[in-house]
Each structure stands twice: as structure tokens, then as C-alpha cells.
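Enquirer: This is the structure I have questions about; it appears just below.
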Amino acid sequence: MKDIKLAGLSGERKRTVIKIGNARVGDGLTIVGGPCAVESEEQTMQVARAVKAIGVDLLRGGAFKPRTSPYAFQGLGLKGLKILAKARDETGLPIVTEVIDTRDVSWVCEYADVLQIGTRNMQNFSLLKEVGKADKPVLLKRGMYATIEEWLYCAEYILNEGNPNVILCERGIRTHETATRNTLDLSAVPAVKEKTHLPIVVDPSHATGKRSLIEPMSLASVAAGADGLMIDVHCNPEQALCDKEQALVPTDFERIVKKVRSLRKTMEAL
Ligand code: PEP
Ligand code: MN
């Protein structure tokens, strides 16, 4: 991987730390929590208040949902972004939200604090170049069929346009296994850290697709050295319009946050 000129680890290059509001991604353990999708103002504000009280660093929520079926809920678009802005105003939490179209990048930046590139768009090179020109950090999810090398070249596309603030996000890859939604590739965490100075977080919600597996895989991610976790939270998972099988209620999420923070502290003391 010789031509990973900007994303690569070389000589004196320090690990990247990205400041987003009060959060510092790449320095300690960053927790991102929130609904998969913004469904309504009430639903989003309810989750936002809950995750704020639990002490997350960033709020997630999709206003543009890249769904497998064209008939599934596609997100609220601009209306969803306005709801997220309201949640940020009230809680002070910076917002992570997905952008799926090059034409939307500039105006989504007016609402987002972090631009998420989803697994299905990891190699959408025009979109990567566009977010590379933006003045907001980018959370780049691993493509579900991507090798680590392909993923890092995608980060390189963004850096090469002048945006130095890329957070990698491991969210599971497609394998023959059907017991889980995807196969969480935890070896990617230390493997990526051997190759790049960029921070890496894990999304155990989309990786497993199963509520019961999120706690063990969150702990395992922290043990593997992840810089953070991004987890789906919903106050009423049964009613969720998107990914309800993996959404955690705030009480379960709170227990996991406490455990991962405690594990991280223990590891730092080792
Ligand atoms: C998401 O985080 O809401 C999402 C759609 O994730 P992924 O792109 O990893 O499927
Ligand atoms: Mn989802």
C-alpha cells in the first residue's frame, strides 16, 4: 500500500485526533448513540435526551436512508435534518448523519457536524471527492464487500481533496454466515491501526443486526482497541421504522456505555 500517502502511517506522523464540539475522536473512547433513522421530532428528541443523559459524545440519526427496498422508509430528508438541528440545539450534542448524494453535500453541511458515508457508498468516488471538499469531518463506513486496502484508498480519496478529518467505521462484512446480519471483522481494528493514523470506531448494531449481540461485541471492540462505538438507540424499538431488531432501549444502552468505559479505563491502566 505504497501510495496511501496521506492516510498511511509514516515516520513521525501522529495519530489523528478530530475535535468535534467537546468530543475528541481518536483520544479516548468516543460514544455515538441515536436512532438509525429520524422518524419524527418526538422520537428523535426523546432519544436525544436519553443518550445525552447517558453521556454520549455524539448523536447519530439518518435523514437520508439508503434502503434495500425502494418501498421501505427512505428518511425525512431536509425535515429530518431540521429535527437533528433542534436536537443539537437542546442537547449540545454534535450530529452524525448520512449523506448519499453529491448534490446534497453542501447543504447537508449546514446541519451536520459529521458527514457519514454508508457502506453502500464507500466506493462512490464522486461522493468521496465531494465530502473531501467539505469542511466537516467524515465518518467512512467500510463497504460490505471491501478489503481493508480498498477502504483505506477510499479514505485517501477524501484526504486527497483536502479534508484531513476522516473517521473509519467497521460495520461488518458479508460472508456466508446468516446467523448475524453481517460478520463483524474485529481484526480490522488492529489491522487498520497498523496501516493508518486515522481513528477507527465500530458499529456493532449494523454489524450484528441483533440486539442481544451488541453488548458482547461492544466490549470486544474496545478490547481490540477501537477508538469508539456507534450504536442504534430507540425508545420504542418495536415501532422503529428502520432496523428495529438491533435498536437498544436507553437502559440497555446505558449499561453497555458504563461497561465499555470501565473496560477502557482498565485497559489504560494495564
Ligand atoms: C446506518 O448507519 O444507518 C447505516 C445505514 O449503516 P450502513 O451503511 O453501515 O449499513
Ligand atoms: Mn440502520
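Enquirer: Among what's in region 65-75 and is of a type outside the set (Ser, Thr, Tyr) and surrounded by fewer than 23 Cβ atoms within 10 Å (Cβ to Cβ), pick the residue that is nearest to ligand 2 (Cβ to nearest atom). Reasoning before the result, please.
Expert: Here is the first cut: in region 65-75, the ones of a type outside the set (Ser, Thr, Tyr) are 65-67, 70, 72-75.
Adding the requirement that they be surrounded by fewer than 23 Cβ atoms within 10 Å (Cβ to Cβ) leaves 65-67, 70, 72-74.
Details: Lys65: 7, Pro66: 9, Arg67: 9, Pro70: 16, Ala72: 11, Phe73: 11, Gln74: 13 Å.
Checked region 65-75; the qualifying residue nearest to ligand 2 (Cβ to nearest atom) is Lys65.
Enquirer: Related question: May I ask you to list pairs of residues, at least six apart or on different chains, whose Cβ atoms are under 7 Å apart, with the first in region 51-65 being among the basic types (Lys, Arg) and the second being away from ligand 2 (no atom under 16 Å from the Cβ) and assigned to a helix (DSSP H, G or I)?
Expert: Lys52/Thr91
Enquirer: In contact with a Ser or Thr (Cβ under 9 Å, 6 or more places away or on another chain) and either more than 16 Å from ligand 2 (Cβ to nearest atom) or assigned to a helix (DSSP H, G or I) (or both), is that true of Pro190? Before the answer, list the steps.
Expert: Numbers: in contact with a Ser or Thr (Cβ under 9 Å, 6 or more places away or on another chain): no; either more than 16 Å from ligand 2 (Cβ to nearest atom) or assigned to a helix (DSSP H, G or I) (or both): yes.
Here the answer is no, as Pro190 does not meet what is asked.
Enquirer: Among what's in region 207-248 and is touching an Asp or Glu at 6+ places or on another chain (Cβ under 7 Å), open to solvent by 10 Å² or more (accessible area, probe 1.4 Å) and not in a helix (DSSP H, G or I), pick the residue that is nearest to ligand 2 (Cβ to nearest atom).
Expert: Going through the qualifying residues, I end up with Asp243.
Enquirer: For region 53-60, state whether one or more residues are out of contact with any Asp or Glu (no Cβ under 9 Å at 6 or more places or on another chain), away from ligand 1 (no atom under 15 Å from the Cβ) and over 17 Å from Ala23 (Cβ atoms).
Expert: Within region 53-60 (the criterion being out of contact with any Asp or Glu (no Cβ under 9 Å at 6 or more places or on another chain), away from ligand 1 (no atom under 15 Å from the Cβ) and over 17 Å from Ala23 (Cβ atoms)), the answer is no, since none of the residues qualifies.
Enquirer: Restricting attention to region 190-205, does a residue exist that is open to solvent by 30 Å² or more (accessible area, probe 1.4 Å), over 18 Å from Gly8 (Cα atoms) and hydrophobic (A, V, I, L, M, F, W, C)?
Expert: Filtering region 190-205 for residues open to solvent by 30 Å² or more (accessible area, probe 1.4 Å) gives 190-191, 193-195.
Add one more test, that the residue is over 18 Å from Gly8 (Cα atoms), and what stays is none.
Scanning region 190-205, I find no residue that is open to solvent by 30 Å² or more (accessible area, probe 1.4 Å), over 18 Å from Gly8 (Cα atoms) and hydrophobic (A, V, I, L, M, F, W, C), so the answer is no.
Enquirer: Considering (1) aliphatic (A, V, I, L, M); (2) open to solvent by 30 Å² or more (accessible area, probe 1.4 Å); (3) closer than 23 Å to Pro250 by Cα, say which one Leu6 fails and leave the rest.
Expert: (3)
Enquirer: Here are some residues: Arg24, Arg67, Arg13. Which one is charged (D, E, K, R) and within 22 Å of Lys258 (Cβ to Cβ)?
Expert: Only one candidate passes the filter, namely Arg24.
This table checks each residue for (1) closer than 30 Å to Leu159 by Cα; (2) touching a residue at least 12 places away in the same chain (Cβ under 8 Å); (3) within 17 Å of the chain's Cα centre (by Cα).
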{"position": "His197", "(1), (2), (3)": "yes, yes, no"}
{"position": "Ser218", "(1), (2), (3)": "yes, yes, yes"}
{"position": "Ala223", "(1), (2), (3)": "yes, yes, no"}
{"position": "Gly228", "(1), (2), (3)": "yes, yes, yes"}
{"position": "Ile231", "(1), (2), (3)": "yes, yes, yes"}
{"position": "Leu241", "(1), (2), (3)": "no, yes, no"}
{"position": "Glu254", "(1), (2), (3)": "no, yes, no"}
{"position": "Lys258", "(1), (2), (3)": "no, no, no"}
{"position": "Ala269", "(1), (2), (3)": "no, no, no"}
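Enquirer: Answer yes or no: is there a residue in region 174-181 that is in contact with a strand residue (DSSP E or B) (Cβ under 7 Å, 6 or more places away or on another chain), farther than 13 Å from Ile117 by Cβ, at pLDDT 95 or above and open to solvent by 50 Å² or more (accessible area, probe 1.4 Å). Reasoning before the result, please.
Expert: Step one: filter region 174-181 for residues in contact with a strand residue (DSSP E or B) (Cβ under 7 Å, 6 or more places away or on another chain), giving 175, 177.
With farther than 13 Å from Ile117 by Cβ added as a condition, the list becomes 175, 177.
Add one more test, that the residue is at pLDDT 95 or above, and what stays is 175, 177.
Now restrict to residues that are open to solvent by 50 Å² or more (accessible area, probe 1.4 Å): 175, 177.
Yes, some residue in region 174-181 is in contact with a strand residue (DSSP E or B) (Cβ under 7 Å, 6 or more places away or on another chain), farther than 13 Å from Ile117 by Cβ, at pLDDT 95 or above and open to solvent by 50 Å² or more (accessible area, probe 1.4 Å).
Enquirer: In region 96-110, how many residues are surrounded by 19 or more Cβ atoms within 10 Å (Cβ to Cβ) and touching a helix residue (DSSP H, G or I) at 6+ places or on another chain (Cβ under 8 Å)?
Expert: Looking only at that region, the number is 5.
Enquirer: Considering Thr119, Thr30, which residue is within 15 Å of ligand 1 (Cβ to nearest atom) and of a type in the set (Ser, Thr, Tyr)? Show your work before the answer.
Expert: Details: Thr30 fails: within 15 Å of ligand 1 (Cβ to nearest atom).
On inspection, the qualifying residue turns out to be Thr119.
Enquirer: Taking into account only those residues within region 211-270 that are in contact with a Ser or Thr (Cβ under 8 Å, 6 or more places away or on another chain) and among the β-branched types (Val, Ile, Thr), which is nearest to ligand 1 (Cβ to nearest atom)?
Expert: Ile231
Enquirer: Next question. Would you mention how many residues in region 2-26 are closer than 21 Å to Lys52 by Cβ and without any contact (Cβ under 8 Å) to a residue 24 or more places away in the chain? First the steps, then the outcome.
Expert: We begin by selecting, within region 2-26, every residue closer than 21 Å to Lys52 by Cβ; these are 18-25.
Pick out the ones that are also without any contact (Cβ under 8 Å) to a residue 24 or more places away in the chain and you get 19, 24.
Going through region 2-26 one residue at a time, the tally reaches 2.
Rundown of residues vs (1) β-branched (Val, Ile, Thr); (2) away from ligand 2 (no atom under 16 Å from the Cβ), yes/no style:
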| position | (1), (2) |
| --- | --- |
| Arg15 | no, yes |
| Ile31 | yes, yes |
| Ala37 | no, no |
| Ser40 | no, yes |
| Lys52 | no, yes |
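The values are calculated or read from the model by the stated rules, or taken from the named source; none is laboratory data. As the structure is a computational prediction, the values presented were derived from the model and not from experiment. Because the Cβ atoms are built from the backbone with ideal geometry, glycine has one as well, and the counts that use them run over all protein chains shown. Keep in mind that these areas ignore ligands, DNA and RNA; they rest on the heavy atoms of the full protein, side chains included. Shrake-Rupley method; radii C 1.70, N 1.55, O 1.52, S 1.80 Å.
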